[in-house]
Every structure is written in C-alpha cells, then in structure tokens.
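The block underneath contains the structure these notes are about, expressed in structure tokens.
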Amino acid sequence: MRPPPSPASDGTVRRQRLALWVVALYATLSALWITLSDTLLSWWIPDTETLARASLLKGWAFVALTSVALYALLYRYWSTASADGAPNGGPMARVIPRWGMGLLIGTVLGVTGITLAQRYQQAQQHAAVHLGLTLQAKQAQLTDWHEERLNDARLLSKRRVLREGWDTWRKAPDAPPPPAMRHALEQALELGRYRAAGIVDGQGHTLWVGAAPSDPQGLIPQAATRVLDIGSTARAWIDADGHWQWVFVANLPGMAYPAALVLALDDVSTLPALQPWHAAPTGDIATALARREGDRVLVLDVMQPKASAVIPLEAADHPAVRLVLRTAPPERPLPARHPAAGEVAVVGQPVLDGTWQLLIWQPVSQIRAAALQGAETTLLAALLAIFGTVVGVRLFDERARLSQAQAHAAALREVGDRLADSERRYRLLAEYSADVVWLYDLQQDRFLYVSPSVQRLIGHGAQDIVGRSFDAVLTSASLAHVRTRLPERLDELARGQTSALTETTELDLLHLDGHTVYTETVSTLITGPDGRAVQLQGVTRDLTARREAETQIRLLSQVVEQSPAAVLITDAQARIEYVNPAFERISGYTRAQVRGHNPRLLSSGRMPAETWQQAWRALRDGRPWTGEVVNRRPDGSEYLLAVTIAPVLDPHRHITHYVSVQLDISAQRDAEAKAHQLAWFDPLTGLPNRARTLDRLEQVLAGDRRHRRHRALLLLNIDRFKTFNEALGHASGDVLLQQLAQRLRAAAPRADLLARLGGDEFALLTPGVEGGPLAASRAAQDVSEHIHAALQDAFALDGAQAGGGTGPDGGDAPVNITVSIGIAVLPTDGDDTPLDVLRRADTALRRAKERGGHQSVFFDDAMGAAVARRFTIEQELRRALAADELRLYLQPQADAQGHWRAAEALVRWQHPVRGLVPPAEFVPVAEGCDLIEPLGHWVLQAACAHLGQLARAGTRLPIAVNVSPRQFHRPHFVQEVLDALRTHGAAAADLVLEVTEGVVVEDIDAVIERMLALTREGVRFSIDDFGTGYSSLSYLKRLPIQEIKIDRSFVRDAPHDPDDAALVEAIIAVADRLRLRVVAEGVETAEQAAFFGRWPHVLQQGYLHGRPDAAEAVLARWRAAQAGESAAGSGGMA
C-alpha cells in the first residue's frame, strides 16, 4: 500500500507543474507578442532598414521585460515556497526541470535551424526568379542588338552607289575600286560599331575597308551566297588567335555580279548584353553565349574570353555543355561548375533564331551568402532567446519574416519598375504614333484615353474627347453602325466566339471644321476577371489619302481605257502586262496575243539600232524617252507612232515597270508630207520651189555671216523658151523642163540647192567656201561652165510635142537649147536679205539676156576691178614684208586715273607710193591668203624686241599682240613665241597674246594644251572682242586666260543704252568672279571714260587716252611720264 504523500513533496510537485505551466504560457505569449508586434511594426514602418532596427530594439526590450517579469514571478513563488516551510538559507529548488529547459532549448534550436533552412530556400527561389528575369531582359537586349546590326547591313546594302560601284569594279577588277563605293563603306565605320566593312561574293572576291576579319574557313563567302536567298544573316566564329569574329551579312539586290555587304564587329567582348551585372540583389550575375559546333561547344564568355572559348562535349558539368545538350530542363536553374566562378546556378534559353543559347549564371556561394545575410542577428537573437528563456526564438522568427519582407519588397519594386517602364514605352508609342490610339470604357460609355495625334486627324485635342462618348466623334451613319455592331460583338464573345475580340472597321469621323474624315479602326475587346468585356481598345488610321488615291486610280484607269492613244505597260524585263483598247485598235493585236511578249513583237525592223540604244540609255538612267517608231500590224501593214516611254521607279529608284503612250501619226505625217511637198517643191520637176529657195537663202545668209563664208546664187533661164513652147506645145515644154532639171542635177552634183522658181527659171546655190567673194566667184564660174557644157547635147522629148517638129523619119526631133545665167555673190554686207540676193541675180540674168544670151554674167561689172585691186594688195604686201615696210604702232591702255598700264601692238604699212596704209586695207587680204602668218610673226618679233629693250632698261610695260587663228594653229607656234622672247630677252609675263574666240572653234583640247604650255612660261592670254563670238561664257571656265577685252560695240553705247550697260556690267561681274583683268576697247569720250571709271580696276583703251602711234614715240612719252611721276614722288618725300 502506497503511503500518502507528505505536504513537502506535494508542494514540490505542485511547484514543478506550475513552473512548467509558466514556461509553456511564457513561450506561447512570447510567440504571440512577437508575431503581433512585428505585424503592427510592418504596418507602421514601411522602410525595411528602420523596421529591422525597430525589431531588434523591440526584441531586446522584450527580453529585458520578460526577464524582469520572470524574476518577479520566480521570486514570488520562491517566497511562497519559503512560507510553506522550505528551510531558509538552503539551496533553492529547481523550478524549471532540465528536461523542460532542454526541450525549450531544443525547440529554439529547431526553430532556428528551420528558419535558416527556410531563408536559404527563399534565397534560392529569389535567385531563380531573378535569373529568369535577367535572362528575359538579356534576351531582349541581345535580340535588339542583333536586329540593329542586321538593319545597319540591310540599310547600307540598299545604297545605289555600292551596287553600281561593285558591278563596275567586277567588270574591271584590275582597276582601283570606285572612290564613291569606298567612301560609302567608310561611312559605315563612322558609326563606331564596326571595325571593318566590305563587299564579298560567293567566288571569294572581296573589298574591305578597315581591318578585315580573319576567315580561313571561308565562312564569309558562304554567308554571302546564303543571303542571296534569305536576304541577311549573321555569322560568328573563333579565329586562330582565339578571338571572336562576328559579322553581319546582307544581300546587295539587283546586281549584275551578285554579292553581299559585310559588317564586322569591332569587339564582341564589349557587347552590353554579355556584361556581368554587379548590382544584382543576390550577387554578381554573369552572361555568356554558347553554340554547338560538332563535338565541341563555342562559348562567348567575357569573364574568360579565351580560356573558355571552346569547350569539349566531354565536359558535361560545364554550364554551356549542359544547356546545349539539353540534359535538363532549361527553364529552371541547373547546378554546374564554371572554370572561373566555381559552382554556379545557371539558366538558359535559345536566342537569335535558335542558333545560340543565352546563359545566365550566378555563383552558388553568393546565393548562400545572400541566404546567410543577417543570420548573425538571427543566431544572436536565438542565443538571447535561450539565455532569456525563449526570447531568441521569437527574434529569429522576426528576423526571418523581416528578411522575407525585404526580399518580397525588392521583388515588388522590380516588378513595379518593369510595369512602370512598360507603361512608359506603351505611352511613348501611343503618344508619338501617327495613328490614334484610344481606350473606351464600355460600362460608363466614355473615352478613358486618346493619343495626341487625334488633333491632327479631326482637329479636336485629346483633352476635348476624353470623358465623352462615340457621339462626339462619329458621323451619324458610323455611330449607328457602332451602336448596332458593338452589342453583337459582346453577344458573340459571351457565346465563346473569340473572333469577336478584334475587328477591323471603316468609320467616318467628324472633323472640327465640319468635313468628314475617312478612317480605318482596329478595335479589341478587353475582358475583366469574370470574362466579360469591360473596355474597348482601338487604333484609328486616316484613310483620306488612300481614298483619294483609289479615286484617282479609278479615274486614271478610266482615262487610260477610254484614251484614243495606245497605252502599253511592261514589267522591268520588258514583258507586256497591259494594253488598252486603243492599242488593240491601232496595232491590230488583241490583249491576249501580246500579253507576256516583248514589244519587239510589234517592230517593223526599220528603226536604226542607235535609236533603241539611245532610248534604253535614257530609260536605264530613269529618264523618259520620246521619239517616232515604225511598227508592223499582223497583216503586214506598217504604221508610224509618236511614242513616249517612261520608267516607273519604286521609292528606292529601282525600275519596276515601263509605260509607253503611243499616238498613230501615219495619216498626219502623210498629210504633212503632201502639204510640205506642195508648199516647198515644184510639182512638175520635184525640185524646191521659190518659197523653199528664199527660206534656204535666209539660212545660208545667217550661217555665212557667222562663219565668214561666201557662195553664189545662179539664176538660169532658157533662151527663147517662149518660142519653143509655141512651136512644140506646153506638153513638150514640160518634158523639156523635167529633162533640164535632170541635166542640172548631173552638172552640179555638189550644189547646195537646185530649184525651179517658175516658168523656165531655175536657181542654183553653190556651197559656201572660205577665201572671200573671189573664191565664191571662181566656184560659180566653174559651175556655170559645167552647165553650159552639159546643155550642148540635144534633148530627146520622146513624142511629147502636140504637133510638128518631127524628124525626117517621122520620129521626135532632138531639141538643142541654151541658157542665160545671172550670178550674184552673197553675202555682200550685213543687211543682205534673200530678196536682195534674188534681185541681184535677176539683174545679172537680164544683163546676160540683153547681151544675147548663152552666157554667164556676174551682178556687178565693177567686181573685176575690186578683185584685181585685192590681187595687187596681196602682191605688194608680199614685197612689203621682204622690204621691211611694216611699222609697229602702240596704243596705250590706261586706268581710270589716266595712267598708262599697258599697250596694244598694231601694225601699219609704210607704202613707198601711197604712204601709210591703214590695216583695214591689207589685214583682211592677208587673212584671206597665206600672208597672215608671216605678218603675225613680224608683229610678234617687233613687240618682243621692244619688251626686251624695256627689260634691259629696268622698266616694264606689258604689250598685247593679236594672234590670228591660222597663226595660233601653226604646229610650231608655241616654240615660235618662246624663241622670240629668248632672242630679245623679253619677260614672258609682259607679253599678252590676244586671241579671238575663232581660235577655239575646233579642237578646243589642243587649244587649251597650247595655251597652258605658254602660260606655264609666264605668257598671258586675252580674249579679244569678247561677247561677239560663238559662246564666250562657255570658254571662260575652260581656257587658261587672264584677261578679256570688251568689244567696242558694247563700249560705244554703254553710257546711254541700258541694254549695253547691263551687258557690260554682267561681263565685268563675271570677270571679277573669275579673277580676270578687263580692258574696255574703244573709249573715245569722257562720258565713256566716266562710265568705266566706276570700276577702277578696268583698263581703258581708245582715242581718249591716246591714238595709235609709232612704238618709239609711245614708249618715249611713257618713259617721260614715268620720270615725271618719280620726280613728283621724290619731291613729296622730301
């Protein structure tokens, strides 16, 4: 039988139970307190760092307060125990048993261990989430980077200068590449993204600008061949030095020699998408690219650019190998070992069209470090909890929740930043889009958002439309459609028809000014959590321009179909795609017969090849061509067309089609030919008539004056033709006139014109000749003699007479005739007209008739005396050159103040009998024969002699010498000038050679070469009689001249004639711009001098400043003037 417990033992058990109850209650209340206080603190204190410090202080305060409370409680129970009879001064009974404390400590340690494990697991999860987000960001960054470089290659490949330059160079590979092509490639390097740019074809022909990439395997030519089909691509490889080479290749379209543009990256290791992220919340994150090639994996790792570039497949623990081989799901982190980073967690994803794997890894040590971050505080809290009887457990939970809150807060901040960035991008896209982006609330029936481009579309600002309904912007018809169709779409969506989500509709909008705007709207229903549509999002595009274009196209189509002109359209290869009904009517071909054929089907073969070559050159240059074409119908008949062919160009100026507009002008040309024949030709003989003769005379008069040619007009009249007509009849007269026309053609085959003026009168115009009227007279005399000789044989009229006049045998009697010829030489002066020439020739013809006929008479009998006088002058001039009868005269050229600055050399003839002969009498004779050359040589030698004397005296006065075209074009002219300068010791810079624009009429390149040979020695050139020649302004730019002389015809009337004044001002302005000296020739009055005095740098030459005088006298006066100026200057200095 068990003995009853003693009171002491009962109290001990009771105290033990109470202590155990107190400890359990304390642990429970502590846990509740820590949990509730942490929750309240997290509500009140949003900052994580402040929250952590507050939690730590709260934990210490809790430990202190609970320790005091525990002490008080134990003290009370100790006192109670003492009152119950415990011996004072004895050892205090153990209130909390060891197993209870051990259980409590074990609980705290267990909770602490679980908390640490949970933190590590959360760190791993957070690292996985962050790696995934980083992977997506890096993938987007890499994709944008890759597409941007491909776009660079595509845009540059469309440059026309590269395609034309490559084709040109490939045609002549030994020639240097075109500079324009190299410049275009160099511009690509200026972007700073590439170290080399080049053009490569599949055969290995290359042209590089910059440092070309190393390509021993020929990967670039392979890529160049591949892009002919796909347009563009990128290739990357590792060269022999272990460096990455990355190129972007784009096809060059439309090439005669197919090739591709290649852009080589400068440094792949600096690619932003591959740079490590040192600011990640869980530590450093590294990025790499990997790709399998055979039994190895190529890795682009900026942490180890060479050591880890090539990884064998046997290294199965390498992160790149694991992902490339797909030995584990790529969407979650894989454990792997990196040569540089050690154990890592890696994620990957295919990028760049699946050809590469993008790797994102983070060292496991950093994940552990992130998990253990703050663990010291937790352990300290656990120790404090153990020391303070379970306080640390609660502190650990607090720290665990705090760390979790920090991680969640960081994740929430990141998600918030991404959402904000996404919103900014969407808003930027919407705000700057040309289309109108809008959002509509279906429940409140109002706009929630409208992009600013709505103002350009309908004149209303976005703020005017937000908050309003569709009624504010739609026309009544479009509004009715929307109000009907929108409920239908909502019903369809409710029935599960997903096609109702997005719909494209054409709607009419009301502009602010009242007109209608035609638009196309793409709208999408946005559903809520319950699947019901709550909003409508849309994009509206202006269709006004497209509607107008469609209307115009319809109008143009109707015009083309109903046009009376034939219209033919081909593709770029000249295959017919379209013909209109007028083409079918004109050509005789149907549309089905010609479609797909080349227009050569219509050719008659009568067009010269040069014509089509010229047309194709114009069309390939993008220019239209207009001309006339002879085509053939299916029945063999031919027709004449006025054709205009124009190329159709796309925005890149590539030819896509050709359009030909054709008018049938066959009937028009037949009528024109008949009218032309009647208007300009004699119907009986087919020769030109009187009107044609006058027209031709007007043409040759203008041309002969300009080119200084002469010719003769011969008027022929049959002697006693009236008697012949009366005897044999008009029919025989007509036959005789026809045969006479044939005889005249044979007698003068080189005649410029043979015409019948009427009746029995014919006109013959000889070709223009040089040599003056005498040469033309001789040529006319020869022609007239040939005509008289050709008419000596009788004419057989072949029975054309009406009666009588038959021969002895009853046949036709041959007829002999003679003609009288009147000859007029033209032109005689600048006022000659065609009627004047005809009148002179007719006068000469009448004189020939008066003298009995059968002879030729020139218009002026006194012409023989003029010709004889010309011959006399020519012979005496030859003698004068040998007898030294020529004299050199000088005429000064002065500035606006009257100071002599230069002089012009002139020639005079001191005749022993007639005295001083002016140049107007003998210079034209010399120009008409071979004397102009020795005459010019004499003047050049005399002028150089005076220049030499001036040089030896230490003075300078430039002298201008006139040079005739015949003298200039002598083979040894350059050497002749240089010899004259050296012989007389003259300074080349003081010699000015005056040439007229007649010098450069032919072979301008040879003229420039001669002038340059002299200007290099110092000789200067001046254009004489400027403004009166052929094309003065066109030669100013090409000829190496230093001076121009304004012709006296402009100088004479410049002060009072606005037209001449404007011309003079223009000439001086042009000369100033070209840095040419100007000399005004013929200044004879003070008024003229004052006019040119407005330009102080213009020299003046004329009687006002000095008449031509002997060179010795002019130079003496000049020396005296120079001495006077020097003396005046010395006196002034004194």
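The values are calculated or read from the model by the stated rules, or taken from the named source; none is laboratory data. For clarity, every value in this text was computed on a predicted model and none was experimentally measured. Heads up, the Cβs are rebuilt from the backbone with ideal geometry, glycines too, and the neighbour counts pull from every protein chain shown.
Annotations for the structure displayed:
- Out of 162, 142, 156, 131, one residue alone is under 30 Å from residue 367 (Cα atoms) and in contact with a helix residue (DSSP H, G or I) (Cβ under 6 Å, 6 or more places away or on another chain). It is 142.
- The single residue among 1069, 1121 that is part of a helix (DSSP H, G or I) and over 52 Å from the mean Cα position of the chain (by Cα) turns out to be 1121.
- Residues of the stretch 763-798 that are out of contact with any Lys or Arg (no Cβ under 9 Å at 6 or more places or on another chain) and assigned to a strand (DSSP E or B): 764 alone.
- Looking only at the stretch 234-249, and only at residues there that are β-branched (Val, Ile, Thr) and either in contact with a Pro (Cβ under 9 Å, 6 or more places away or on another chain) or more than 19 Å from residue 199 (Cα to Cα) (or both), the one that is modelled with the lowest pLDDT: 238
- Taking the listed residues 235, 226, the one that is in a helix (DSSP H, G or I), among the basic types (Lys, Arg) and buried (at least 16 other Cβ atoms within 10 Å of the Cβ) is 226, with no other qualifying.
- Those residues of the stretch 888-932 which are modelled with pLDDT under 90 and of a type in the set (Phe, Trp, Tyr), in sequence order: 922
- Here the condition is being without any contact (Cβ under 8 Å) to a residue 60 or more places away in the chain and within 20 Å of residue 790 (Cα to Cα); of 669, 743, 720, it holds for 743 alone.
- Selection status of residue 812, modelled with pLDDT under 90 and buried (at least 16 other Cβ atoms within 10 Å of the Cβ): yes
- Residue match in the stretch 418-425 (condition: outside the structural domain of residue 134 (by TED's automatic domain parsing) and touching a helix residue (DSSP H, G or I) at 6+ places or on another chain (Cβ under 9 Å)): yes
- Members of the stretch 175-218 found to be charged (D, E, K, R) and over 16 Å from residue 257 (Cα atoms), listed by number: 182, 186, 190, 193, 195, 215
- Any hit, the stretch 1046-1060, residues being touching a strand residue (DSSP E or B) at 6+ places or on another chain (Cβ under 9 Å), in the same structural domain as residue 1102 (by TED's automatic domain parsing) and within 19 Å of residue 965 (Cβ to Cβ): yes
- Residue count for the stretch 585-600, restricted to those that are touching a residue at least 40 places away in the same chain (Cβ under 8 Å) and under 16 Å from residue 659 (Cα atoms): 1.
- Applying a threshold of 8 Å to beta carbon distances and a minimum spacing of six or more residues, or different chains, the list of pairs starting in the stretch 601-618 at a residue that is closer than 19 Å to residue 570 by Cβ and ending at one that is of a type in the set (Gly, Ala, Ser) reads 602/587; 611/627; 615/627.
Quick grid of which residues meet (1) in contact (Cβ under 8 Å) with a residue 40 or more places away in the chain; (2) outside any helix (DSSP H, G or I); (3) out of contact with any Pro (no Cβ under 8 Å at 6 or more places or on another chain); (4) over 13 Å from residue 540 (Cβ atoms):
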{"position": "437", "(1), (2), (3), (4)": "yes, yes, yes, no"}
{"position": "468", "(1), (2), (3), (4)": "no, yes, yes, yes"}
{"position": "487", "(1), (2), (3), (4)": "no, no, yes, yes"}
{"position": "491", "(1), (2), (3), (4)": "no, no, yes, yes"}
{"position": "518", "(1), (2), (3), (4)": "no, yes, yes, no"}
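- Selection over the stretch 1027-1042 of residues that are buried (at least 18 other Cβ atoms within 10 Å of the Cβ) and modelled with pLDDT of 70 or more gives a count of 5.
- The set of residues in the stretch 554-584 that are under 29 Å from the mean Cα position of the chain (by Cα) and either farther than 18 Å from residue 600 by Cβ or in contact (Cβ under 8 Å) with a residue 60 or more places away in the chain (or both) comprises 569, 570, 571, 572, 574.
- Exclusive hit being at pLDDT below 80 and crowded, with 18+ Cβ neighbours inside 10 Å, set 215, 201: 215
- When residues of the stretch 675-692 are limited to those that are on the phi < 0 side of the Ramachandran plot and small (Gly, Ala, Ser), the one modelled with the highest pLDDT: 691
- Annotation note: of 484, 504, the sole residue that is of a type in the set (S, T, N, Q), within 42 Å of the chain's Cα centre (by Cα) and at pLDDT 90 or above is 504.
- Residue match in the stretch 132-150 (condition: assigned to a helix (DSSP H, G or I), among the hydrophobic types (A, V, I, L, M, F, W, C), closer than 30 Å to residue 653 by Cβ and in contact (Cβ under 8 Å) with a residue 24 or more places away in the chain): yes
- Pairs are defined by a Cβ separation below 7 Å, a sequence spacing of at least 6 or placement on different chains, a first member in the stretch 928-947 that is assigned by TED's automatic domain parsing to the domain that holds residue 877, and a second member that is assigned to a loop (DSSP other than H, G, I, E, B) and buried (at least 18 other Cβ atoms within 10 Å of the Cβ); the pairs so defined are 932/964; 936/964; 944/986; 947/986.
- Tally of residues being part of a helix (DSSP H, G or I) and within 36 Å of the chain's Cα centre (by Cα) across the stretch 445-466: 5
- Residue check, residue 935 surrounded by 20 or more Cβ atoms within 10 Å (Cβ to Cβ) and either at pLDDT 95 or above or assigned to a strand (DSSP E or B) (or both): no
- Subset of the stretch 892-927 [crowded, with 19+ Cβ neighbours inside 10 Å and touching a Gly at 6+ places or on another chain (Cβ under 6 Å)]: 892
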